[in-house]
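Nothing in this text is a laboratory measurement; each read-out follows from the coordinates by a stated rule. Keep in mind that this is a model prediction, so the values were computed, not measured. Note that we place each Cβ from the backbone using ideal geometry, even for glycine, and neighbour counts take in every protein chain shown.
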Amino acid sequence: MLDIQKNVPLARYTTFKIGGPAKEFVAVRSEDDLVEALQYAKENKLRYYILGGGSNVFFDDKGFDGLVIRTESNGEINLLEGNQVECWTGENLSDLVNFAKNNSLSGIEDLSGIPGQFGGAVRGNAGAFEVEIKDVVMSVKVLDISGEKPESKVFSREECKFAYRTSIFKKNPGVIILSAIVQLKDGEKAEIERKMKEINRKRIEKQPTGWYGCAGSFFENPTVEDPGLIEKFERDIGGKSIGGKIPAGWLITEAGFRGRKLGGIEVSEKHANFVINTGSGSAEDLIMLVSLIKQKVRSQLGVQLKEEVNYVCYQLVC
Ligand SMILES: Cc1cc2nc3c(=O)[nH]c(=O)nc-3n(C[C@H](O)[C@H](O)[C@H](O)COP(=O)(O)OP(=O)(O)OC[C@H]3O[C@@H](n4cnc5c(N)ncnc54)[C@H](O)[C@@H]3O)c2cc1C
């Protein structure tokens with residue numbers, strides 16, 4: 001029996017700490033729970049929103065006029081034959097990374113320090129330091145709710161259509177990730193541990209510390225066509241752009257927004273693609289500031305930035 005709660009503040013379920021209450025809220029820990037929650041939403045004519053760890057999303061200040069379905073841990077991270085691991089969507093990605101390390105399995109340690117759940121990482125093809133979740137995902141089990149009845153399906157890695165910070169799941173809200181199998185390889189626990197420490201050191205060096213008050217990089221790193229801008233970027237950093245990609249943080253800095261503040265929201269001094277809620281920030285402040293950034297980057301540098309972070313408005317019609 002699901003425990004459906006009413007009027008639940010959503011800010012506490014996002015790392016941004018932004019958002020008003022959900023009209024209704026339910027935690028799900030299995031496929032059966034999820035099917036039941038979706039059925040409840042249908043019967044009660046409620047729009048619904050699937051929430052994972054809330055580290056890549058912010059809600060409207062008014063909240064959400066429907067049912068928020070939050071996937072949560074059921075402890076299902078299972079070692080299969082041939083160094084494969086099957087993981088439920090609601091497990092923390094960090095728990096999967098630690099599970100792999102404890103079993104001396106390598107391949108996923110570079111994703112150490114990325115907050116959120118496994119399913120959220122698969123949907124957005126989370127990645128860091130040149131490694132992405134797509135590098136290890138073999139197959140993804142989903143609940144397809146686009147037809148008459150919810151149906152379980154398995155997508156092969158190719159069918160997932162992974163690309164930079166995206167997958168087929170991002171474009172198909174009617175498909176909800178249940179679990180996935182990752183292929184790892186034999187490694188040495190001490191070496192995996194060393195790599196994880198190194199990754200965490202790099203994160204502390206480059207990013208504001210802590211998981212709270214932001215959602216990581218706000219914008220995707222765009223591919224730029226202007227050779228003059230690429231040249232300027234390369235001169236500035238003393239390095240090369242890979243395939244025309246320029247970090248959004250560099251463009252935001254060029255447009256003069258590093259360290260700038262609007263209401264309770266500020267562009268980080270340390271990493272200009274991190275937009276931070278200083279404590280009193282609202283969704284309205286955030287939307288205004290990122291709109292200003294987008295306008296200025298477009299008019300001054302001719303680049304259209306695209307949000308990596310998801311905004312959920314009150315009635316999901318934004
Ligand atoms: C400090 C910090 C650092 C970060 N660093 C990185 C980084 O290095 N690399 C990186 O890629 N990201 C990074 N992020 C962003 C974020 O952690 C990732 O995008 C993460 O994978 C999101 O997972 P989540 O469970 O929190 O998703 P949520 O924020 O809960 O949801 C994100 C989206 O996925 C959808 N979703 C969630 N679960 C499912 C499901 N089961 N089925 C279908 N859709 C689903 C939601 O509806 C939503 O649209 C960082 C965030 C923070 C706060």
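Among 189/245; 134/261; 17/45, which pairs are too far apart, with a Cα-Cα distance over 31 Å? Pairs exceeding the cut-off: 189/245; 134/261. Here the chain is treated with +1 on each Lys and Arg Cβ and -1 on each Asp and Glu Cβ, and its dipole about the Cα centre works out to around 880 debye. How much net charge surrounds residue 34 when only the other residues with a Cβ under 13 Å from the Cβ of residue 34 are counted, with Lys and Arg +1 and Asp and Glu -1? Computed value for this residue: -3. Applying 0.36 nm per residue to the separation of residue 235 and residue 306 and subtracting their alpha-carbon distance, the gain on full extension is 23.1 nm. Among beta bridges identified by DSSP and lying wholly in the chain, the antiparallel ones come to about 75 percent.
The phi torsions of the stretch 38-53, fed into the Karplus equation with coefficients 6.51, -1.76 and 1.60 and a -60° offset, translate into couplings of 5, 5, 4, 4, 5, 4, 9, 6, 9, 6, 9, 9, 8, 10, x, x Hz, rounded to whole numbers, with Gly and Pro shown as x.
Each peptide in 173-181, 270-278 gets a packing score, the mean of other Cβ atoms within 10 Å over its residues, and the list from highest to lowest is 270-278, 173-181.
One Cα centroid belongs to the stretch 81-156, the other to the stretch 251-277; the line between them spans 31 Å.
Protection proxy ranking of 136-144, 164-172, by the mean of other Cβ atoms within 10 Å over each peptide's residues and highest first, is 136-144, 164-172.
Per the Kirkwood definition applied to all pairs of different Cα atoms, how many angstroms is the hydrodynamic radius of the stretch 110-253? Before the final figure, lay out each step's value.
Numbers: mean 1/r = 0.0569 Å⁻¹.
Taking the inverse mean of 1/r over all distinct Cα pairs, the stretch 110-253 comes out at 17.6 Å.
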